[in-house]
1. Mind checking B:50-60 for the average number of partner chain beta-carbons within 10 Å of each residue's beta-carbon?
2. Grab the eigenvalues of the alpha-carbon gyration tensor for region A:1-136, scale each by 5, take roots, and send me the semi-axes largest first in whole angstrom.
3. Expressed in nm to one decimal, what extension gain is obtained for the pair residue A:440 and residue A:297 from 0.36 nm per residue of sequence separation less their Cα-Cα distance?
4. Only Lys, Arg, Asp and Glu count, each charged at its Cβ (+1, +1, -1, -1), so figure out the dipole size of region A:111-151 about its Cα centre, rounded to 20 debye.
5. Any idea of the total accessible area buried by the A-B contact, 1.4 Å probe, rounded to 100 Å²?
6. For residue B:87 paired with residue B:56, estimate the spin-label separation in nm (one decimal), with each label point 7 Å from Cα along the Cα-to-Cβ line.
7. Label residue A:478 and residue A:285 with points 7 Å out from Cα along Cα→Cβ: what is the distance between them in nm?
8. To the nearest 20 debye, what is the magnitude of the charge dipole of the protein assembly as shown about its Cα centre, counting +1 on the Cβ of each Lys and Arg and -1 on the Cβ of each Asp and Glu?
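The values are calculated or read from the model by the stated rules, or taken from the named source; none is laboratory data. All values reported here derive from a predicted model rather than from experimental measurement. Cβ atoms come from the backbone with ideal geometry, glycine included; neighbour counts cover every protein chain shown. Remember, those area values only see protein heavy atoms, side chains included, never the ligands or the DNA or RNA. Shrake-Rupley method; radii C 1.70, N 1.55, O 1.52, S 1.80 Å.
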Amino acid sequence: MRVDHPIFNTPHDVDLTIAPQPTPPSYASYPEGRDLGQTMPMWRVQTEGYQDGTGQPIGMVSRDAGFLDSPDVEWISSGASMKGPNAVAIGRHGNFFHWGFASSPTYLTDEAKLVLVNAIHYIARFDGCTPVARKVQGARIRSTVDSVIENLTDEGYARLALLYDGYRADGEKRKDEIRARIDAGEDISDGERRLLDAEPLKAPGRLDGAKRLLPSADWNAIGEDPAEAIRYLESIKPYLYPAGDWYALDVDEEARELGLANDDPAFLARIATTADEERSKRLLARYTEEAFESAEQWKAWHEENAARFFFSEAAGYKWLVDTRADERARRARGEYEPPAELEDLRPTERAPLAWDARIERRGDGTYEFIARVEILPGWHAYGSLPPNSPYKPLDASLELPDGLQPAGNWSKPAGHPAPADPGVLHVTGSSEFRRALKATEDFDPEGATVRCTLGFQVCDESMCMRPTSKTKSVPLPH
Amino acid sequence: MKLLLAGLFTLAPVAAAQDASTKSDLRILLVGHDPDAPRITFPDMGDERSRDLYAERTDAFRDLLRAHFETVEVVFGGAYEPSMSDDVDVTLFDCVPDRLPVPKTGELDARPSCLPHDFSRPALMIAENSSLIGEPLGSKLDWL
């Protein structure tokens, strides 16, 4: 779960309640889920889950296989489910945002309601950002081969056999429960009757997974030695591509002849610059979505887009051009229109923190001072630092005219723990300083100004700007 | 694909919530269930419980949204048309709209879908709506 993502802190900086919960049993069958332990830290989204027995609707997670193979997506959080620990419970693809939790707001925690609101604010930024890579249903991801290879090893197959032992035991327990109900004179359903007659579940043969993955391979020649099967799969893995049938993979012998993995940029360069060859023409048709007529056009396309190509298995094992790279960079740089009343709120690479301030009348002689801070994505300021830290924290101070006084403490940006040091709070994105002000009875706001000094230092992953202070004079409304 | 909680890979809690008392001027369109004719995807729940949950669902989303956004419009799934999303900043889909007429050309366009292939407005999908609405458009936020 990316707790630093804007949906957890912008515009509402949500205080996430995190507690250990039982690790979902399905996670253990995934390589990335085996070492998670009996419990894992979780954030509760719903006050009732579908397994609580109250009838809540089931949510949805998307499998993570191939999810991140294009630049137009974001994985934000997984969720307790029947899939793996990296499945997508909260995520984005292009202009679509996925909130995988199915309950109505009546059954969302207060924290989750705010995060959902933040998610709406977030996806609003992606107007016009349609997906660059469109998923092809039924295209098996190449990493499936790694799972098959693992189950061929001694350790992997022992783990698989143990899993099936567990399934068998669960099945026998279920049968005993049904038999007990029959003995008690209860009726059973047709499905339960069939379950009683079913053969106990057996673990698949050691090479069954490999043969099912690649039925077209010459398994007679490969034999029954798992080590030989592993060697074979590793040798052909770089040349696998969708064979046309649902979830079927096959070896692209023409790509294998070239000796270049079909997801290697050198492969694309080779075929795009030799488009006068018949084999290259076939490979270009197989691995791109373009249909140029001449070799010169292919070459020009390859040269023009050299820095923007990416390979997506989810999109059907295609070389695609990231047509939104420039636009995404602009949005990442924060090049957007600030509200009219805050004209200077445009951070840049040279000045990653921009801020402006205004004073709003609240009535009865009270005002509110508001300083809005915008920090370029990828940069952060410091909300809290340990003693003797060399960095300058983000802070605001006011010089008030006679007749105007503070009427409360500052409301400051809360920040979030730094990834590498929980004792440090980073402030990122949009945030505000607010302070109530109270005027005396004889205070005349006409022509009066408040001077605000903002002190800060901004850093990214590799460097820090010099600590600095900036002062602005803000007029009072009258 | 069943869901209980969001799993975390960090133990660090974040700081206190910041008060945001002013409503946003983002314009929101909620595509919700008609309480009298909800479009329920999963037959997991008893009929009575389903009726109770879906009867209050659209109002609950509407009330949450109106607490945070100045402009919130509500339309039931059967009445939604993609052009409605052009008049708002974000469309929140809690209910699957009607399928569009299937065009006669183009392999991808031939899949029945609720939104046009070039739909480009910001959309937030609740649960299975991501798959039901997005899958025909090539969304990776799908069932599998």
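1. Values: counts 2, 0, 1, 9, 2, 0, 3, 7, 1, 3, 6.
If you average over the peptide's residues, the count of other-chain Cβ atoms is 3.
2. Details: eigenvalues 108, 81, 39 Å².
Ellipsoid half-lengths, sorted descending, are 23, 20, 14 Å.
3. Numbers: separation 143, 0.36 × 143 = 51.48 nm, distance 7.53 nm.
Value of the extension gain: 44.0 nm.
4. On the way: 6 positive and 4 negative charges, 41 e Å.
Dipole about the Cα centre, nearest 20: 200 debye.
5. On the way: alone 26390 and 10240 Å², together 29630 Å².
Chains A and B together bury approximately 7000 Å².
6. The answer from the label model is 3.1 nm.
7. Modelled inter-label distance: 7.9 nm.
8. Values: 70 positive and 104 negative charges, 146 e Å.
It comes to approximately 700 debye.
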